[in-house]
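A.B. asks: Have a look at this one.
The values are calculated or read from the model by the stated rules, or taken from the named source; none is laboratory data. Note that the structure is predicted; figures quoted are calculated from it, not measured. Using ideal geometry, Cβ is built from the backbone for each residue, glycine included, and neighbour counts are taken over all protein chains shown. When the accessible area is computed, the model is the full protein with side chains, heavy atoms only, and any ligands, DNA or RNA have been set aside. Shrake-Rupley method; radii C 1.70, N 1.55, O 1.52, S 1.80 Å.
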Amino acid sequence: MAEIHFLPNMSGKKITIGFEDGPDATRYPLWEWTVIEKLSELPIPITPEESAVGMGPAFTEGKYHCRDGKETAFMRIYKQIPLDGTRLEDSDVRKPQAGPPGDHVELEALKLLTEKECSVTPRLLGYRIG
């Protein structure tokens with residue numbers, strides 16, 4: 001069976017991360033990146049039964065190689081996906097599956113380690129949730 005991808009390649013597309021204002025704007029100002037290539041994608045599906053007991057939402061995580069003109073970096077993008085077995089259902093079935101953006105332990109850890117100026121982990125250059 002072919003692997004299902006939910007995120008596009010996006011080579012050449014521009015992605016803006018960071019904040020124009022608010023508490024994170026000083027540490028993570030707006031920054032525009034150009035996607036060089038999509039490196040990988042890992043869907044994390046869950047079933048409707050798993051969702052009913054509080055797991056979820058289902059999501060996919062993509063890794064991209066990007067540049068801003070001078071620097072290159074890796075970008076991770078998380079996107080909610082339909083529950084397993086409902087991808088081809090109409091929007092009335094899929095709409096109730098959507099939820100607020102999830103918390104990702106990796107992002108929270110990188111924010112803390114960057115704030116503490118840890119020198120042995122990757123530096124978080126920016127992020128955006130929406």
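A.B. asks: Kindly provide the set of residues from region 20-48 that are closer than 30 Å to ARG94 by Cα, open to solvent by less than 50 Å² (accessible area, probe 1.4 Å) and of a type in the set (A, V, I, L, M, F, W, C), ordered by number. Quick ask: steps written out before the conclusion?
C.D. replies: Residues of region 20-48 that are closer than 30 Å to ARG94 by Cα, as a first pass: 35, 37-48.
Checking which are open to solvent by less than 50 Å² (accessible area, probe 1.4 Å) leaves us with 35, 38, 40-41, 43, 46-47.
VAL35, ILE46 - these are the residues of region 20-48 that are closer than 30 Å to ARG94 by Cα, open to solvent by less than 50 Å² (accessible area, probe 1.4 Å) and of a type in the set (A, V, I, L, M, F, W, C).
A.B. asks: Now a separate question. Tell me, which residue of region 1-11 that is closer than 16 Å to ILE77 by Cα and not hydrophobic (A, V, I, L, M, F, W, C) is most open to solvent (accessible area, probe 1.4 Å)?
C.D. replies: Out of the qualifying residues, it is HIS5.
A.B. asks: Sticking with this structure for a sec: Kindly list the number of the only condition in (1) in contact with a Gly (Cβ under 9 Å, 6 or more places away or on another chain); (2) closer than 24 Å to GLU20 by Cα; (3) among the aliphatic types (A, V, I, L, M); (4) modelled with pLDDT under 90 that fails for ILE129.
C.D. replies: Of everything listed in (1) in contact with a Gly (Cβ under 9 Å, 6 or more places away or on another chain); (2) closer than 24 Å to GLU20 by Cα; (3) among the aliphatic types (A, V, I, L, M); (4) modelled with pLDDT under 90, ILE129 misses just condition (1).
A.B. asks: Provide a single number: the residues in region 69-87 that are free of Cβ contacts under 8 Å to residues at least 60 places away in the same chain and open to solvent by 50 Å² or more (accessible area, probe 1.4 Å).
C.D. replies: The initial filter retains those residues of region 69-87 that are free of Cβ contacts under 8 Å to residues at least 60 places away in the same chain, namely 69-74, 76, 78, 80, 82-86.
After this cut, where a residue has to be open to solvent by 50 Å² or more (accessible area, probe 1.4 Å) as well, the list is 69-72, 74, 76, 78, 80, 84-85.
Residues that pass the stated criteria total 10.
A.B. asks: So is THR34 among the polar types (S, T, N, Q) and more than 18 Å from LEU7 (Cβ to Cβ) or not? Working first, answer last.
C.D. replies: Numbers: among the polar types (S, T, N, Q): yes; more than 18 Å from LEU7 (Cβ to Cβ): no.
Considered against the rule, which asks whether it is among the polar types (S, T, N, Q) and more than 18 Å from LEU7 (Cβ to Cβ), THR34 comes out as no.
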